Amino acid sequence: MTAPLPLPASPGRAPASFADELRALATLAGPLAGANLVQMAVFAVDVIFVARLDPVDFAAATLGVFLYSVVLWALLGLATACAPIIAAELGRRAHAVREVRRSFRMALWLSVLAALPFVLLLANGEAILLLAGQDPRVAARADAFLDILLIALVPSVAAGVMRTVAATLGRPAWALAVTIMALMIGIAANWALVFGNAGFPALGLEGSAIASVVTTFAMLAAFSAILLLDPRLRRFRLFGRWWRPEWSRLGEIFRLGLPIALAFTLEGSLFGGAAILMGLIGVTAVAAHAVALNIAAIAFQIPLGIAQAATVRVGMAYGARDPAWIARAGRAAITAGTGCMMVTALAIWFAPGVLVSAYLDLDAPANAQTVPLAITYLAIAAMFQLLDGAQVVLAGALRGLQDTRVPMLIAGFGYWGVGFATAVVLGFGLKMEGVGIWLGLAAGLLAVSALLLRRWMRRAQLGLLPAGAPL
C-alpha cells in the first residue's frame, strides 16, 4: 500500500480569522479574475481582425460567435460543476486523491458527451439563422465560419474543466498564464491567416475561425501538460484510468451542473434579448448599447473571478462541515465582490467619456448621437455594478453549498419575469426607449441579487448546511 499523497493549499483547515480567509480568497480569485480579463482580450482580437473584412463577413462572424458562445458558456457551466464537488472532498478529508480523480474524469466525459449534440445542432447554422430571419448571404458565411469553429467546441470545454480543476486544487495562476499564452497565439494566428502574412494564404473569415481552433488546441495542450507535470497537481494522477466510467459521479456532476448551465443561459440571453429590443429602436441605440455593455462586461470579470473562488472556498468549508467557516468564506467573498464593484462603479460614474473614447471617436460627427446615449447607459450601468457583483458572488457561494436548482429558478424569475418584462414596459410602454431597457436590466439584477442574498442568509433554516453540522 502506498503512502497517502499530500494535498495542496492545506485543504480542510479553516482559516483562523476573517482576514486570513480574505487573503486565501484573494490568492485564488486574483489569478482567476486576471484570466477572465485576458480572455475578454482574446475575444476582442478576433473582432478586431474580422472587422477589417467586408460587412457581410463581419456580420457572419458576429452571429456565428454568438451562437457558439451561448452553447460554450452553458457547457462550461455544466461540466465545471465538478469544482464544488472537488472542493467539498478536499474539505472533507486531507487525502481525497481518488475522489478528485473520479470527479475530474467524469467532468471530462460529461464535457464530451454534452458537447457532441450541440456540434451537430450548430453544424446547421445556416438553417438556424435563416429561421431567425437573417440575411441569406450572412447566414451562408456564418455557416462556413461555424463549420470550422465547431472543431474547437469539445476541446474548449475540456480545457475549461482542466482550468477549473487546477484552480480548485490550489494552482489558479496557471489559468492566467495559459490565457495570456492564448492571447499571444490568437494575435499571431489571426495576423497570419486572416490577411495572409508571413507566407500564409489569406483566408479571411475562415482564417479567423482556424486561428480560434489553433488557440483552443494550444490551451488544451498547455493545461494537459500542467496537470501532468506540475509537482502539486501530478500527485493526483488525474489522467489515470481515464477510460473507466463512474456513472454515479457523472450523474452527480450533471444534476449539479445542469441548473448552472441553465442559469448562465438565462442571464446571457437577457442581455441578448436587450440587444434585440435595442434593434427595434434603431441602429444608434444598438451601437451605444454595445459599447456600454462591453465596458460593463469587462468590469464584471473581476467579481466573476471572486465568485469562482467563492465556490471553492465555501465548498471546502461545506466539506469540512464547518458552518462558521462557511459563513466566513461567504462574507469574505461578498465583501470583496461588492468592494471591487464599488471601485468600478465610481470609475464608470465619474469618467464615462474616457471609457467610451476607447471605442468611439468622441468628436466625430457620425458619433454625435451614439456617444451621449452610451454615456447615459453607462450611468445606469454604474448604478447596477454593485448588484451585478453581488448576484454573481452570491450564486458562486451557493454553488459551494451545492445549491444550484433554486438559484436557477431565481435567475429565470429575476432576469426574465422582472428584468425583461420591466425593459419592455419602460422601453416601449412608457416610451423611455434605451434608458428604459437599461433600467429593466438593473431591475432584473436587483431582483436576483436580493433573492440570492435572502437565500444565503437563511441557509441554515433552508437546510443548505451539510447534514449533521452544528448550527
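If we scan the stretch 376-393, do we find a residue that is of a type in the set (S, T, N, Q), surrounded by fewer than 21 Cβ atoms within 10 Å (Cβ to Cβ) and free of Cβ contacts under 8 Å to residues at least 40 places away in the same chain?
Restricting attention to the stretch 376-393, the residues satisfying the condition of being of a type in the set (S, T, N, Q) are 376, 385, 391.
When the remaining residues are screened for being surrounded by fewer than 21 Cβ atoms within 10 Å (Cβ to Cβ), the result is 376.
Okay, now just the ones that are also free of Cβ contacts under 8 Å to residues at least 40 places away in the same chain, so none.
Within the stretch 376-393, none of the residues are of a type in the set (S, T, N, Q), surrounded by fewer than 21 Cβ atoms within 10 Å (Cβ to Cβ) and free of Cβ contacts under 8 Å to residues at least 40 places away in the same chain.
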Out of 460, 442, 421, sole residue that is modelled with pLDDT under 95, small (Gly, Ala, Ser) and surrounded by fewer than 16 Cβ atoms within 10 Å (Cβ to Cβ): 460
So the check is Cβ under 7 Å with 6+ separation or different chains; which pairs have a first residue in the stretch 315-338 that's within 15 Å of residue 16 (Cβ to Cβ) and a second one that's among the charged types (D, E, K, R) and open to solvent by 20 Å² or more (accessible area, probe 1.4 Å)? 320/92; 329/313
Among 47, 138, which is of a type in the set (A, V, I, L, M) and either open to solvent by 20 Å² or more (accessible area, probe 1.4 Å) or closer than 27 Å to residue 251 by Cβ (or both)? 47
Lone unmet requirement of (1) open to solvent by 30 Å² or more (accessible area, probe 1.4 Å); (2) under 28 Å from residue 351 (Cβ atoms); (3) of a type in the set (A, V, I, L, M) for residue 306: (1)
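If a residue must be under 25 Å from residue 304 (Cα atoms) and either touching a strand residue (DSSP E or B) at 6+ places or on another chain (Cβ under 6 Å) or buried (at least 19 other Cβ atoms within 10 Å of the Cβ) (or both), how many such residues does the stretch 361-375 contain?
Start the filter on the stretch 361-375 by keeping residues that are under 25 Å from residue 304 (Cα atoms), which leaves 374-375.
After this cut, where a residue has to be either touching a strand residue (DSSP E or B) at 6+ places or on another chain (Cβ under 6 Å) or buried (at least 19 other Cβ atoms within 10 Å of the Cβ) (or both) as well, the list is 374.
Summing the residues that are under 25 Å from residue 304 (Cα atoms) and either touching a strand residue (DSSP E or B) at 6+ places or on another chain (Cβ under 6 Å) or buried (at least 19 other Cβ atoms within 10 Å of the Cβ) (or both) in the stretch 361-375 gives 1.
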Which numbered condition residue 125 fails, given (1) touching a helix residue (DSSP H, G or I) at 6+ places or on another chain (Cβ under 8 Å); (2) touching a residue at least 60 places away in the same chain (Cβ under 8 Å); (3) surrounded by fewer than 18 Cβ atoms within 10 Å (Cβ to Cβ): (3)
Selection from the stretch 361-388 of residues over 26 Å from the mean Cα position of the chain (by Cα) and among the aliphatic types (A, V, I, L, M) yields 362, 364, 366, 368, 371, 373
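Could you tell me whether the stretch 312-323 includes any residue that is part of a helix (DSSP H, G or I) and within 17 Å of the chain's Cα centre (by Cα)?
Within the stretch 312-323, the first condition is being part of a helix (DSSP H, G or I), and the residues that meet it are 312-319, 323.
Narrowing the set further to residues that are within 17 Å of the chain's Cα centre (by Cα) leaves 312.
Within the stretch 312-323 (the criterion being part of a helix (DSSP H, G or I) and within 17 Å of the chain's Cα centre (by Cα)), the answer is yes, since at least one residue qualifies.
Here is a yes/no grid of residues against (1) under 16 Å from the mean Cα position of the chain (by Cα); (2) modelled with pLDDT of 95 or more:
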site: 141; (1), (2): no, no
site: 144; (1), (2): no, no
site: 159; (1), (2): yes, yes
site: 180; (1), (2): no, yes
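For the stretch 361-471, please list each of the helices (runs of 4 or more DSSP H) lying entirely inside it that holds at least 1 residues being under 24 Å from residue 323 (Cα atoms). Before the answer, list the steps.
Working: elements: 370-400, 405-411, 421-424, 433-457.
So the answer is 370-400, 405-411, 433-457.
The values are calculated or read from the model by the stated rules, or taken from the named source; none is laboratory data. A quick note: this is a predicted structure, and the numbers were derived from the prediction, not measured. Cβ sites come from the backbone with ideal geometry, for glycine too, and all protein chains shown count toward neighbours. Please note that ligands, DNA and RNA were not included when accessible areas were found on the heavy atoms of the full protein model with its side chains. Shrake-Rupley method; radii C 1.70, N 1.55, O 1.52, S 1.80 Å.
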